[in-house]
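Structure, as structure tokens:
The values are calculated or read from the model by the stated rules, or taken from the named source; none is laboratory data. None of these values were measured; they are calculated from a predicted model. We place every Cβ from the backbone using ideal geometry, glycine too, and count neighbours over all the protein chains shown.
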Amino acid sequence: MYDFVVVGCGFFGAVFAYEVKKAGKKVLVIEKRDHIGGNCFSYNHPGTGVNVHRYGPHIFHTSSEKIWKYINSFAGFNNYRHRVLTTAAGKVYSLPINLATINKFYNLTLSPDEAGEFLKSRIPVIPSPQNLEEKAISLIGRELYEVFIKGYTIKQWDCDPRELPAEVITRLPVRTTYNDIYYDDDYQGMPIGGYTPIFEKLLKDVPVELKTDFFEKRDYWKSLAKMLVYTGPIDRYFNYCYGKLRWRSCRFEIEKMQLNDYQGVGIMNYADREVPHTRIVEPKHFYRERTDLSQGTVVVREYPCDDQTEPYYPVRLKTDQEMLAKYQKAESQEREVIFGGRLAEYKYYNMDQVIFRALEQVGKLLKQNASK
Ligand code: UDP
């Protein structure tokens, strides 16, 4: 009998397993895929040696000193600062929207104060923005929204931006300075050697069964555990009894090129709706310390798509939120199950938030156990 059987070994499952193992508990991890790390899985691309994040780029960023120290105990980090450009209507602009973007787009030479006033003059009064479109327009005005946000968002989410939650857009700062670092967080970087070694360390002393689908023998796995930790999609756990939550997935097209540098930046977004990919990732740029990589580069084009078997992004339309509330109610009846992570909580979490949640859950549990 295990104290915990953990379903899935992305950050939530792996951190949870590591921490309970450290506390002397018996834990087993099962994982449907043939590798650990969930969507953070990375590998060295054969032929070029470039470290590729198989399920899209993961840039570590956090404002929590505690989480930064924690993750640094499993990996050294380089000092990569994420910079993103976007190609829109035949021109390349800086992101997130900053003074360089504004001045180039309007062909002006505004100072920060002038840009603030200028933006204000172009923003209509929207007293309480209710959705992504209203929120974006309330921050940058309709013109910038139409060019940089609308098309990209429709491609990414395959729905009207007026149906999406406003918070999706507040992931991106808007600045009237020339600061073009994508994230505002105090701590940022890429783990040297990629993400997979972090998971190898987290799971070093934990048995992991790969290629093992929980749903093929769910009663069996439950019978092995005093407590189940489930990190898969919440709707799947309850056999979609209240319906299917909307998830967005992504198809990745990878290409090796006989060039030293394809695009001069880690990520180039494509804002135009007519361009089928949302972005091109050139992972070589994430790891400047890899001076050994002179032969060729790798680029990955991202095509958002619907694929129920590979849920990446919770879409969170109003109907989803209502359905989620029902699943959450059902979840609260499952006393011997912990639900955690992006898929099980149906939240658009970043990695640091997932690690935080896993540590919080373990802390709570161990405290409860100690007081028994
Ligand atoms: N977004 C956009 N244009 C861009 C970049 C982002 O409209 O060039 C919007 C889009 O709706 C996207 C959201 O902002 O889904 C969040 O972007 P982020 O870069 O955080 O997405 P992620 O890296 O999680 O895919």
Condition met for Tyr152 (crowded, with 18+ Cβ neighbours inside 10 Å, within 21 Å of Pro314 (Cα to Cα) and at pLDDT 95 or above): yes
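Taking the residues in the stretch 245-262 that are assigned to a loop (DSSP other than H, G, I, E, B) and without any contact (Cβ under 8 Å) to a residue 60 or more places away in the chain as candidates, determine which candidate is farthest from the ligand (Cβ to nearest atom).
Gln258
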Kindly provide the set of residues from the stretch 53-80 that are within 16 Å of the ligand (Cβ to nearest atom) and of a type in the set (A, V, I, L, M, F, W, C), ordered by number. Ile59, Phe60
Looking for something under 27 Å from Leu99 (Cβ atoms) and either within 14 Å of the ligand (Cβ to nearest atom) or under 17 Å from the mean Cα position of the chain (by Cα) (or both) - is there at least one such residue anywhere in the stretch 192-201? no
Only one of (1) more than 28 Å from Val281 (Cβ to Cβ); (2) at pLDDT 95 or above; (3) more than 24 Å from the chain's Cα centre (by Cα) fails for Pro127. Which number is that? (2)
How about the stretch 122-240: which helices (runs of 4 or more DSSP H) wholly inside it have at least 1 residues that are polar (S, T, N, Q) and in contact with a helix residue (DSSP H, G or I) (Cβ under 6 Å, 6 or more places away or on another chain)? 151-157
Please specify each residue of the stretch 155-187 satisfying the condition of being more than 9 Å from the ligand (Cβ to nearest atom) and hydrophobic (A, V, I, L, M, F, W, C). Cys159, Ala166, Val174, Ile181
Residue hits (the stretch 77-87; closer than 17 Å to Glu274 by Cβ and surrounded by 20 or more Cβ atoms within 10 Å (Cβ to Cβ)) are Thr86
Suppose we filter the stretch 22-49 for residues that are touching a Phe, Trp or Tyr at 6+ places or on another chain (Cβ under 9 Å) and either assigned to a helix (DSSP H, G or I) or modelled with pLDDT under 95 (or both); how many remain? 3
Of the residues Lys226, Lys222, Lys217, Lys204, which single one is over 25 Å from the mean Cα position of the chain (by Cα) and free of Cβ contacts under 8 Å to residues at least 12 places away in the same chain? Lys217
Kindly provide the set of residues from the stretch 55-69 that are surrounded by fewer than 18 Cβ atoms within 10 Å (Cβ to Cβ) and more than 11 Å from the chain's Cα centre (by Cα), ordered by number. Ser63, Ser64, Glu65, Lys66, Lys69
Does the stretch 22-53 hold any residues that are surrounded by fewer than 20 Cβ atoms within 10 Å (Cβ to Cβ) and charged (D, E, K, R), and which are they? Lys22, Lys25, Lys26, Lys32, Arg33, Asp34
Residue ID - nearest to the ligand (Cβ to nearest atom), chosen from residues in the stretch 104-145 that are among the acidic types (Asp, Glu) and surrounded by 14 or more Cβ atoms within 10 Å (Cβ to Cβ): Glu133
Filter the stretch 81-91 for residues that are in contact (Cβ under 8 Å) with a residue 40 or more places away in the chain and within 14 Å of Phe148 (Cβ to Cβ); the one that is nearest to the ligand (Cβ to nearest atom) is Thr86
